[in-house]
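Notes to accompany the following structure.
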Amino acid sequence: TMLSRFCLNLTLRRSYSNYIRNGFKGTVGSTPLIKLNKLSEETGCVIAVKAENLNPGGSVKDRAALYLIKDAEEKGLIRPGGTVVEGTAGNTGIGLAHMCNALGYKCVIFMPDTQSKEKIDALRVLGAEVFPVPAVPFDNPNNYNHQARRFSETLSNAIWTNQFDNTANRQAHVETTGPEIWEQTEGQVSAVTFSTGTGGTLAGVGMFLKSKNENIKVVLADPQGSVLYNWFSKGKLERSEGTSITEGIGQGRVTQNLQGAPVDYAILVPDTDVVRMTFYLLHEEGFFVGASSGLNVAAAVKVATDLGPGHTVVTCLCDSGQRSYARLFNREW
């Protein structure tokens, strides 16, 4: 019909507006918000995911990478040809390595040697210098973050981007992810839930959405072995029982990015639910994503169940399953 053709043309115009984007950094963000049909039908809610795996560097961390470098440039902390140093469990490093190539910087990454081989290999292919170091707690001076900071201090024209405690990370989500969710749901979002590593996504999205409607629920989703569930539930920095197959999420402390985040409550997602949902997303919804995405969607289903039918719950797909290929999707492992 004439009306359906008009609607299709309108949709196409929206989809292709600003179609020519400005280089790599201009491609970060503005990701689709996708309804998960089967899970939405089962819960009676709209369960929707921001497809952050479609960012140009392949993960939600491209947003933080862009804003961490942008912040340093605006403050005059780095000049052309300088070096960007970070301590990262993977995706932030990959985002920074891409961004450094695009903007003409060198990239040095310190990471725990517990991370998947794909992430280390990817960083080296992208041209980053990578130092895998033993995984030790944050209060140990040899923690990978402290080693990154010390290394940056030995160089001239270099910055340590400090993703955990530099609130430029959070600001990326205040200025981009939060407004995108608000606009894409036409203000109808009832709740958001995210797992946290640095806390930037949860805090930034939560702060923006609460400024638009204080009744929107902001729910922290936590894997086993992290302290955040107990911190937000009981006020105690105690790790929950067990360890987790997930990478890059969970935390042993409250970061500066998470300080003051408007979290309504936290939920603990056991690994059994994480693995089940990650494979469900692949086999039932068609999305090949990593374990942190499985945790996020499992949490969204729990939040939807808590709220009851008729609500809209938003989370994100953090990255592709390709980065978990040797572990989560490896039958031998």
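The values are calculated or read from the model by the stated rules, or taken from the named source; none is laboratory data. Given the structure is predicted, the values throughout are model-derived calculations rather than measurements. Because the Cβ atoms are built from the backbone with ideal geometry, glycine has one as well, and the counts that use them run over all protein chains shown. Areas reflect the complete protein model, heavy atoms only, side chains present, ligands, DNA and RNA absent. Shrake-Rupley method; radii C 1.70, N 1.55, O 1.52, S 1.80 Å.
Remarks
- Heavy atoms of residue 273: accessible area, 1.4 Å probe, square angstrom to 10: 60 Å²
- Label point distance in nm, residue 113-residue 212, each placed 7 Å from Cα along Cα→Cβ: 4.6 nm
- Column: log10 I(q)/I(0), Debye, Cα scatterers of region 167-264, q = 0.16 Å⁻¹: -0.64
- The ellipsoid equivalent to the alpha-carbon distribution of region 86-216 has semi-axes of 31, 16, 14 angstrom, derived from the gyration tensor eigenvalues as √(5λ) and listed largest first.
- Whole-Å semi-axes of the chain's equivalent ellipsoid (Cα gyration tensor): 30, 24, 19
- Other residues whose C-beta falls under 14 angstrom from the C-beta of residue 285 contribute a net charge of 0, scoring Lys and Arg +1 and Asp and Glu -1.
- Proximal lysines relative to residue 35, as straight alpha-carbon distance under 20 Å, when same-chain residues fewer than 8 apart are discounted: 50, 217, 302
- Using C-alpha pairs under 8 Å with a sequence gap of at least 6, the mean separation divided by the residue count of region 77-232 gives a relative contact order of 19 percent.
- GNM on the chain, alpha-carbon springs under 10 angstrom: the most fluctuating residue among 144, 19, 280 is 19.
- Put simply, the amide H of residue 197, placed in the peptide plane, has neighbours under 5 Å in 250, leaving out anything fewer than 5 places away on its chain.
- Cα centroid separation - region 115-146 against region 152-189, whole Å: 21 Å
- Heavy atoms of residue 272: accessible area, 1.4 Å probe, square angstrom to 10: 90 Å²
- Calculated on the alpha-carbon coordinates, the convex hull of region 208-297 measures out at 112 cubic angstrom per residue.
- Translational diffusion of region 175-333 was estimated from the Stokes-Einstein equation, with Rh taken as the Kirkwood radius over Cα pairs; at 10 °C and 1.306 mPa s the coefficient is 100 µm²/s.
- Accessible surface of region 147-302, 1.4 Å probe, proportion on carbon and sulfur as whole %: 46 percent
- 241, 118, ranked by accessible area, largest first (probe 1.4 Å): 241, 118
- Probe 1.4 Å, all protein chains present, accessible-area order of 185, 114, largest first: 114, 185
- Charge dipole of the chain (Cα centre as origin; +1 on each Lys and Arg Cβ, -1 on each Asp and Glu Cβ, all else neutral): 580 debye, rounded to the nearest 20.
- Summarising the label geometry, the points placed 7 Å from Cα in the beta-carbon direction at residue 233 and residue 264 lie 1.8 nm from one another.
- Centroid-to-centroid, using Cα positions, region 253-290 and region 51-76 are 21 Å apart.
- Result for the chain in a Gaussian network model with C-alpha springs under 10 Å: among 313, 254, 49, the largest mean-square fluctuation is at 254.
- Equivalent ellipsoid semi-axes - Cα gyration tensor, region 110-183, angstrom: 26, 17, 14
- Close amide H pairs (under 5 Å, H built 1.01 Å from N) link residue 258 with no residue at least 5 positions away or on another chain.
- Counting Lys and Arg as +1 and Asp and Glu as -1 over every other residue whose Cβ lies under 14 Å from the Cβ of residue 302, the net charge comes to -3.
- Three-way shape call for region 11-141 based on the alpha-carbon gyration tensor, with the a/c threshold at 1.5: oblate
- Value of [θ]222 nm, deg cm²/dmol, for the chain, DSSP H segments ≥ 4, -39500 (n - 2.57) each, nearest 500: -11500 deg cm²/dmol
- Amide H to amide H, with H built 1.01 Å from N, residue 289 comes under 5 Å of 321, counting only residues 5 or more places away or on other chains.
- In this view, the solvent-accessible surface of residue 25, computed with a 1.4 Å probe and all protein chains in place, comes to about 90 Å².
- Charge context of residue 209, other residues only, Cβ under 12 angstrom, K/R +1, D/E -1: -1
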